[in-house]
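The values are calculated or read from the model by the stated rules, or taken from the named source; none is laboratory data. Bear in mind that the values here come from a model prediction, so they are computed numbers and not experimental data. Here the Cβ positions follow ideal geometry from the backbone for every residue, glycine too, while neighbour counts run over all protein chains shown. Side chains are part of the model used for accessible areas, which takes the heavy atoms of the whole protein and leaves out ligands, DNA and RNA. Shrake-Rupley method; radii C 1.70, N 1.55, O 1.52, S 1.80 Å.
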Amino acid sequence: MIPTIARALEKREYTTLTQVQEAVTDPNHAEKDLLVSAQTGSGKTVGFGLAIAPTLLGDDERFDRPAAPLALVVAPTRELALQVKRELDWLYEFAGATVASTVGGMDMRTEKRALERGAHIVVATPGRLVDHIKRGSLDMSDIRAVVLDEADEMLDLGFREDLEFILSQAPEDRRTLMFSATVPKMIARLAESYQRADAVRLQTVAEKSQHSDIEYRAMLVAGNDPENAIINVLRYYEAQNAIVFCNTRATVNRLTARFSNRGFQVVALSGELSQNERTHALQAMRDGRARVCVATDVAARGIDLPNLELVVHAELPNNGETLLHRSGRTGRAGRKGVSAIIVPQRWSKKAERLLKFAKVQAEWGAAPTADEVLQRDQERMFSDPAFTEAPGKDEAEFVSKLAETFTSEQIAAAYLRLYRSRQTAPEDLAAPSTKDAPKPREAFGPSQWFSISVGRNDRAEPRWLLPMLCRMGDISKDDIGAIRVQESETFVELKDNAVAGFLKALGPDMTLEEGATLTKLDHVPDTSRPPRFDKGNKARFDKPKGGKPSMASNRRKPLDDLGGDPRKAPKEKKEWKEKKPKHDPEVVSDFKGKPKPASKAKPRYDDKPAGKPTGKPKYDSKPVGKPLGKQGGKPDYKSEKPKGAKSAAKPKGKPKAANMSDPSQSLRPRGKGKPVKGKGGGAVPKRRGPKK
């Protein structure tokens, strides 16, 4: 290890490295691209700081004068980027590194001046980094390493295009290190596109047992008691630092106001706050001026508070990954923590699914009651070092005076009142209602099976079969078990004690509605699903001569009949066949698409006659455009009018109205009236607007 880096670790009392830090500093992985997945809070920031140190320093112990940046570190949020900058500042303190930050919400002119002065490492958010690259204020020519921290979160936030642009602007001989809590398919594809072929995939052992240092507790509460339960949880644990996660900004504002009114030292952290306000909120948590932070998921992504002991999920997260990232704010670097999930009764099933998908085990129970909170206060009061410390010299006189003036009971009662006055009173919680809780289904018991002569081909459905059986067989729905609809029949399960009355009500013919018949089975029917069909084997119709296509041949063949799963077999290359033209190129198609010789093709409305027309033109509509003269252009129809032809006389007066009852007069004769472009010579122009 580089001596200056080792000195910085020793100053911070780093005696041993975490698993992820040991993995990335392995000499076998030197100068290679890395794709690292490790649980949140495993020391990834220090890990990639150690990993890129040999790439940046080489054989030197200190950096030269800052100029163009040598490394880029990209983080999804402003808080995480600033936190990474603080970590790298102390890690490279004795190496003389200059670390600059470019994050959204800060003054861009100040960042530009810092980049012009020079920096060895730049920590940035994707959007602001792209702005600096496009404006030319960031020189990417000397970049030796690019680190993507929390890469999965950046893709979830929609920064894929920005990341691709950043990686495309960096030199091709750079190192690319991707760190993420999980590695979904999108991360794998991004790594495959922008990392070298010999990139190393690292997965630490700690990832297999999620958050072993975190105690998960799922607390069932009544529907109107979630906020009261959060207050009791905060009072029960009395953590030095706690984060309460919400899904929306409105919930953050509401809980912040209520906690403040109850006497909690609370700050808010959400996307609607400015960067300055968010920085002050986190600093208040680090300084001890605030003990509770109410935050949204994105705002608190990646933040690290050294004394964070409690995470409360005021609202259930949307997925298991968010649950892990929320809970990962505590239990970091070997410290213990508690993750309390507030679960209203109606959301218990969703909470179970979230825990299952996150692969964590939670202890289920009720939220702390008021009596439990007071009992915990008593335990903390008895363990207060104020009872065991001897009174000082300046306190001895006052202590003896108190003992002479008041009895021991009065002094103890006064101390108890003063102790409780510093705490807010706990809330009385209602017991979770069990009427909405799902009841386990009892075993159906001995039964017999029947077959109904209607199936899926007859559009049979359990929703109308069930009431029909109950009505005609004089039984209840509890007497009916499974209903399995097959292609041409349906199997129904009935309890043994209801079969006799059911058969008596149906009668000897055992006929149901719509002519359906019932048959008693002496065995349990096979209701397993038929073999899956090959989706790639597209159905085709067999077209027999002189008949309609056979529907039976349209069915897809099972995989067993095809000799295995064809989807796993290599696809055969299709031979290229040159497409033949439908008609002879020298043949011109008419309106109906029938080929006719070009010499006999008749002119269309929009056809341009070539040469001089002979005789009278067939259409009385005027051609569009001006005549081109004698050089093979459009002929002037007026000039070709034969001599002696009389012009049609214009009728005098108004034309006689057509008799609409007479079909022969209901339509305008074809060829009369003003033609409309694209509609033919006999079309009538549509009237637009009201008649004047």
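Within the range 477-491, track down each residue that is over 12 Å from residue 455 (Cβ atoms) and surrounded by 18 or more Cβ atoms within 10 Å (Cβ to Cβ).
479, 480
Residue 150 fails exactly one of the following numbered conditions: (1) surrounded by fewer than 19 Cβ atoms within 10 Å (Cβ to Cβ); (2) under 19 Å from residue 103 (Cβ atoms). What is the number of that condition?
Result: residue 150 fails condition (1) only.
Please state which one of 250, 218 is out of contact with any Ser or Thr (no Cβ under 6 Å at 6 or more places or on another chain), small (Gly, Ala, Ser) and open to solvent by less than 10 Å² (accessible area, probe 1.4 Å).
Selected residue: 218, the only one of 250, 218 that is out of contact with any Ser or Thr (no Cβ under 6 Å at 6 or more places or on another chain), small (Gly, Ala, Ser) and open to solvent by less than 10 Å² (accessible area, probe 1.4 Å).
Quick one: residue 375 ticks every box in (1) open to solvent by less than 80 Å² (accessible area, probe 1.4 Å); (2) over 21 Å from residue 223 (Cα atoms); (3) modelled with pLDDT of 85 or more except a single one, so which number is it?
Of the numbered conditions (1) open to solvent by less than 80 Å² (accessible area, probe 1.4 Å); (2) over 21 Å from residue 223 (Cα atoms); (3) modelled with pLDDT of 85 or more, the odd one out for residue 375 is (1).
Identify all residues within the range 71-95 that are in contact with a Phe, Trp or Tyr (Cβ under 8 Å, 6 or more places away or on another chain) and over 19 Å from residue 1 (Cα atoms); write none if there are none.
Listed by number, the residues that qualify are 73, 76.
Within the group 162, 139, 152, which residue is touching a residue at least 24 places away in the same chain (Cβ under 8 Å), of a type in the set (Asp, Glu), within 29 Å of residue 338 (Cβ to Cβ) and not in a strand (DSSP E or B)?
Of the residues listed, the single one that is touching a residue at least 24 places away in the same chain (Cβ under 8 Å), of a type in the set (Asp, Glu), within 29 Å of residue 338 (Cβ to Cβ) and not in a strand (DSSP E or B) is 152.
Report, ordered by the first and then the second residue, all pairs with beta carbons closer than 7 Å, sequence separation of six or more or different chains, a first member in the range 371-384 that is in contact (Cβ under 8 Å) with a residue 60 or more places away in the chain, and a second member that is open to solvent by less than 80 Å² (accessible area, probe 1.4 Å) and assigned to a helix (DSSP H, G or I).
Once the first residue is in contact (Cβ under 8 Å) with a residue 60 or more places away in the chain and sits in the range 371-384, its partners that are open to solvent by less than 80 Å² (accessible area, probe 1.4 Å) and assigned to a helix (DSSP H, G or I) give 372/236; 373/232; 373/235; 373/236; 376/236.
Could you please let me know if residue 350 is in contact with a strand residue (DSSP E or B) (Cβ under 9 Å, 6 or more places away or on another chain), assigned to a helix (DSSP H, G or I), open to solvent by 10 Å² or more (accessible area, probe 1.4 Å) and more than 14 Å from residue 219 (Cβ to Cβ)?
yes
Yes or no: residue 127 open to solvent by 10 Å² or more (accessible area, probe 1.4 Å), under 20 Å from residue 159 (Cβ atoms) and touching a Lys or Arg at 6+ places or on another chain (Cβ under 7 Å)?
No; evaluated as a whole, the condition is false for this residue.
Out of the residues in the range 317-334 that are part of a loop (DSSP other than H, G, I, E, B) and more than 12 Å from residue 357 (Cβ to Cβ), state the one that is most open to solvent (accessible area, probe 1.4 Å). It would help to see each step written out before you state the result.
Here is the first cut: in the range 317-334, the ones part of a loop (DSSP other than H, G, I, E, B) are 317-319, 328-334.
Retained after the next criterion (residues that are more than 12 Å from residue 357 (Cβ to Cβ)): 328-334.
Numbers: 328: 1, 329: 5, 330: 2, 331: 9, 332: 32, 333: 76, 334: 56 Å².
Among those residues, the one meeting the criterion is 333.
Going through 102, 110 one at a time, which residue ends up being modelled with pLDDT under 95, open to solvent by 10 Å² or more (accessible area, probe 1.4 Å) and of a type in the set (S, T, N, Q)?
Checking each option against the conditions leaves just 110.
If you take the residues in the range 253-281 that are within 26 Å of residue 232 (Cβ to Cβ) and of a type in the set (A, V, I, L, M), which one is surrounded by the fewest Cβ atoms within 10 Å (Cβ to Cβ)?
Ranking the qualifying residues of the range 253-281, first place goes to 257.
What number of residues within the range 159-192 are over 20 Å from the mean Cα position of the chain (by Cα), within 23 Å of residue 23 (Cα to Cα) and hydroxyl-bearing (Ser, Thr, Tyr)?
Final tally of qualifying residues: 1.
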